[in-house]
Amino acid sequence: MKKNLFIIAFIFLIPLVTYFMLTMSNSTTAQTVQTGKPQVLKFTSQMCLDCQTMNSIFKEIFPQFKDKIVLTEIQVQDKNSFNQSQIEKYDVTLVPTIILLNSDGKQVRRIEGAVSKEEMEKCLKGLN
């Protein structure tokens, strides 16, 4: 009887512990949103295939913009107050959502879903 209870507890405990470890270790959120430079707010999730596509596009093209543009990645599954306030502020209901802000902090473009590398690069080049 004790062996069966141990096996049942083990079956339920391992996925639960794994879930918490994955969500806690993936806090790649920004501490604050800087001003004075154009900004890109990238709302993403690890479980989203389009988000993974956009992540690889950003890894490839963003290094050329890193001195000019501030990138803030917001993991929507992380339930901290900064992430939740940004999700509410920008009314994000779909991932990936990319919000482009000019140097005054005003939204100039909103991209929902995946776009091509060329389109994303064009958007970043036009951001002031």
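The values are calculated or read from the model by the stated rules, or taken from the named source; none is laboratory data. Values in this document were obtained by computation on a predicted structure and should not be read as measured data. With ideal geometry, Cβ positions are generated from the backbone for all residues, glycine too; neighbour counts draw on all protein chains shown.
Observations on the model:
- Test: V40 is surrounded by 10 or more Cβ atoms within 10 Å (Cβ to Cβ), under 28 Å from D104 (Cβ atoms) and modelled with pLDDT of 90 or more: yes
- L100 meets the conditions (1) within 17 Å of S45 (Cβ to Cβ); (2) in contact (Cβ under 8 Å) with a residue 40 or more places away in the chain; (3) of a type in the set (A, V, I, L, M, F, W, C) in every case but one. The failed one is (1).
- The test for being of a type in the set (S, T, N, Q) and either touching a Lys or Arg at 6+ places or on another chain (Cβ under 8 Å) or at pLDDT below 90 (or both) holds for T72.
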